[in-house]
Amino acid sequence: MELLKVIDIPLLEEVEYLFILFYFQFMDYYSPLYQDCCYHIYNRGNNGENLFYKHENYIYFLSQYNEYLNEYLDTFAYCLLPNHFHLLVRVKNFEDKKPELKKGLKTLTEVEEIISELFRRLFTSYVKAINKQESRTGSLFQKNFKRKQVKDEHYYSQLVYYIHANPQRHGIVDNFKDYPYSSYNSLLSEKPTKLLRSETIGWFGDREAFRIFHNESKHESAINKWVIEEG
C-alpha cells in the first residue's frame, strides 16, 4: 500500500483508482503460477466452515490431491486443519512435454489454467463426498485458492516450520509434532512418500537438524510476506 501514497488520486478516474486499490490489497494472494517456482497455497471453508469432519476425510482429501495434482506439483510440506489447509509446492517443469488437459470441448495448454482447473476438480470431487456424508448441499471451499510465490530460498525452511506449527498456533493440539494430518512425521519417516522428502530435509541439513529447527522458537515476522492466514 505504500505505493498508493505517491499516486495523485484526484488525477485518476474512479475505476482506475479502484483497480489499483484492488491490485495492491488482493492480487498478492493470487500470484501467477510459473514452472519451476515455489508457492505457499492455502484455502479454507466458506465462512470458516469445517472441511474435515473425521479421520477418513483427511485421508480422502490427500488421496484426491495426489490423484489430481501429483503430475503437476512437487509437494514439500502440507497441513490439513479442520477448516483450512496449507501446502508448500513447486510447479513442475514441462519443457520436455507441453502439458494438455481436456475441459469439455476446450484443450487447456497453459500451466496456470491446468493447475487451477485440477484444483477445481479436486475440490468438486471432495465436496461431493462430504455433502453425501453430512447430508448437506452447496459449495464448501472458498471459490479461489490463494497462493503466494516464495522467491527467497533462504526462507523455505521457516515456511515449512510455519506450516507444520499451524495446529499448535490454532490451539488444536498442545504439540504440533503429535498432529496426524501434517507432513512433519512423514518427512522424518523412512516409509515411501509422494513428498519430496530428501530435498525438503536438505534445506535443513539432515533429519537431526530438521528436528532441532522445529524445536526452536521462530520469529514468524521473517516470513510474513509468504504467510496466508484468515483467522
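A short reminder: the numbers here are calculations on the coordinates, not readings from a lab. None of the values given here were measured: they were computed from a predicted structure. Backbone-built Cβ (ideal geometry, glycine too); neighbour counts: all protein chains shown.
Results, tabulated for the structure shown:
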item	result
Rh (Kirkwood; distinct C-alpha pairs) - segment 118-209, Å	16.0 Å
Per residue Cα convex hull volume in Å³ - calculated over segment 77-120	81 Å³
P(r) histogram, all alpha-carbon pairs of segment 65-220 included - 10 Å bins from 0, percent	9, 34, 35, 18, 4, 0
Distant-in-sequence amide H partners of residue 150 (H built 1.01 Å from N, under 5 Å)	38, 39, 40
Separation of the residue 66 and residue 83 label points, Cα + 7 Å toward Cβ, nm	3.0 nm
For segment 110-165, fraction of C-alpha pairs farther apart than 15 Å, in %	65 percent
Segment 69-115 - percent relative contact order, Cα under 8 Å, separation 6 or more	28 percent
Separation between Cα centres of segment 113-140 and segment 38-108, rounded to whole Å	12 Å
Pairwise label distance in nanometres, residue 107 with residue 152, each label 7 Å out on the Cα-Cβ vector	4.3 nm
Most to least packed among 118-127, 52-61 [average Cβ atoms within 10 Å]	118-127, 52-61
For segment 31-142, average projected area of the Cα convex hull in nm²	7.5 nm²
Most to least packed among 36-47, 156-167 [average Cβ atoms within 10 Å]	156-167, 36-47
Loop-resident sites, segment 102-141, for GluC sites (Glu not before Pro), counting at most 15 other Cβ within 10 Å (DSSP)	110
Highest-first arrangement of 209-216, 183-190, where packing means the average Cβ count within 10 Å	183-190, 209-216
Fully extended contour minus Cα-Cα distance, from residue 54 to residue 129, at 0.36 nm per residue	25.7 nm
